[in-house]
Amino acid sequence: MTPSISNGEAVHSPGEIGLGILADIGWSVDFDALYGLYGCTDDTACNYDPAATFDDGSNCIYTEDFLDCDGNCLNDTDGDMVCDELETAGCTDMTACNYDDTVTDTDNTLCEYAETYYDCDGNCLIDTDGDGVCDELEIDGCTDDTACNYDYTATDSTVTCDFSCYGCTDMDATNYDIDATMDDNSCCYLVISLTATDALCNGGYGIITATFTGSTETVTYTLGDESNETGEFTVSAGTYTVTVTDSDANICTYSMEVIVGEAADIVITASATGDTGDGTGVGTATAEGGDGNYTFVWTDSYGNEIDPSAMADGDYVVTATDGNGCTGTVDVIVDDTYGLNDIDPLAFGLFPNPTQGIVTLQVSTLMEDVRLQVLDAIGRVVFTQEDIVLQDATTFDFSGI
């Protein structure tokens, strides 16, 4: 539309005459015709004006999202004055870690709660030792991972750690420990060898000689209270244990038993005939034991060597010496057999006779070293007693014969 200005006689365009002048001279201005009707021409706007002919874009009023022009929700299913599209679901349980007081729809299936014994930040409610493990969840055990009873689940080391399973696990080692399950690098391979030289003479001394293998260190040999580095010990006959110990850091030891034999004792059997006068006793001797090669020497009570083929009555010693220098001795008595007189019969009395078992033997003088024998009717010896001392009356019980 082209706006116009009229005084009743002529029509002019607005550019031809100023409006103020027009009014002074009695001209009327048709503004609707001149500019059109201002208003909102958007039919989606709340203030849409279907009569408006001119809209410069600043006149329309629109609703907020999801609201109508009266400010009411277009969709509000639950009638809570919050548009469905603007609803927010969340946890409204105040004990939950994700409690949210700004939500409009309660959905406690979304609630998140702290684990038992923990707060919402994952910290223990009670942690006395400050190790990050709640007191209620602590596990007692050995926490040393080198121990035999190490417990990887333990959190509190309140159990004594055990290291008894350590030892040498090499079956070829000298100190192999069948009970060891953890090797402690203590294996050693020291081995001792022993040889024994038996004593040459009964009651004499033998020699133990020890050697070793399996170590480059200096070793010490020990037998009882004696120790040395030579490995040689002089001992009497018997059974001995020798231990070798090296000087290495693991102090390896090895022990072995050895027997030092005893030489057979020289046993002499000697006798002599009686001296019938002028040294006519003759001695003979044999021996057993030793090495079997014997030399016999006869000596008198003064230690003088004598000829065993011409011995007077008296006491003698026979000494046998074998090839090793070992000796044995025995005593020999040479009796005086000349001038022997008969012994007077023993005068005694015996009563009652006959007897039922109890008898009394009566002698007139003291008799020592008496031998008493009782014979039966056919001459068999049925009772003998040696070394009896008889004086006056002596009672015997023969009831058990």
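Laboratory data are not the source of any read-out in this text; all were calculated from the coordinates shown. Being a predicted model, the structure only gives us computed values, none of them experimental. A quick note on method: Cβ atoms are made from the backbone with ideal geometry, for glycine too, and the neighbour counts reach across all protein chains shown.
Sequence-ordered 3J(HN,Hα) estimates for region 273-283 from the Karplus curve with 6.51, -1.76 and 1.60 and θ = phi - 60° stand at 7, x, 8, 8, x, 6, x, 9, x, 10, x Hz, glycine and proline given as x.
Across q = 0.16, 0.17, 0.22, 0.30 Å⁻¹, region 130-177 modelled as identical point scatterers on its alpha-carbon atoms has Debye log10 I(q)/I(0) values of -0.54, -0.57, -0.75, -1.01, in the order of the q list.
Computed from Cα atoms alone, the Kirkwood hydrodynamic radius reported for the chain is 39.2 Å.
Once you have a ≥ b ≥ c as the square roots of the Cα gyration tensor eigenvalues for region 231-363, tell me rounded if a/c is under 1.5, and otherwise prolate or oblate according to whether a/b is larger than b/c. Oblate shape, in that a/c is at least 1.5 and b/c is the bigger or equal ratio. The local environment of Thr241, defined by Cβ-Cβ distances under 15 Å, has a net charge of -3 under the rule Lys, Arg +1 and Asp, Glu -1. Just check region 348-397 against the gyration tensor rule for me: Cα atoms, a ≥ b ≥ c as the square roots of the eigenvalues, rounded for a/c under 1.5, and otherwise prolate or oblate depending on whether a/b exceeds b/c. It is oblate, given that a/c is not under 1.5 and a/b is not larger than b/c. In order along region 55-64, the phi-based Karplus estimate (6.51 cos²θ - 1.76 cosθ + 1.60, θ = phi - 60°) of 3J(HN,Hα) comes to 9, 8, x, 10, 9, 6, 10, 10, 6, 6 Hz; Gly and Pro are listed as x.
Taking θ as phi - 60° and the Karplus parameters 6.51, -1.76 and 1.60, the scalar couplings of region 169-183 work out to 9, 8, 5, 8, 7, 4, 9, 4, 10, 5, 8, 6, 10, 10, 7 Hz in sequence order, x denoting glycine and proline. Between Thr106, Thr209, Thr239, the GNM of the chain built on Cα springs shorter than 10 angstrom shows Thr106 fluctuating the most. Mean-square fluctuations from a GNM of the chain, with a 10 angstrom spring cutoff on Cα atoms, peak among Gly290, Gly323, Gly71 at Gly71. Under a 5 Å amide H cut-off, with hydrogens placed 1.01 Å from N, Val332 pairs with Tyr316, Val317, Val318 among residues at least 5 apart or on other chains. Counting beta carbons within 10 Å around each of Met171, Met311, Met182 and listing the fewest first gives the order Met171, Met182, Met311.
Spatial offset of region 288-312 relative to region 200-261 amounts to 41 Å, using the alpha carbon center of each.
Scanning residues 5 or more positions from Cys165 or on other chains, those with amide H under 5 Å from its amide H are Cys148, with H placed 1.01 Å from N in the peptide plane. The local environment of Gly357, defined by Cβ-Cβ distances under 15 Å, has a net charge of -2 under the rule Lys, Arg +1 and Asp, Glu -1.
Would region 267-334 count as rounded, prolate or oblate if I go by the C-alpha gyration tensor, calling it rounded below 1.5 in a/c and otherwise prolate when a/b exceeds b/c, oblate otherwise? Since a/c reaches 1.5 and a/b is larger than b/c, the shape of region 267-334 is classed as prolate.
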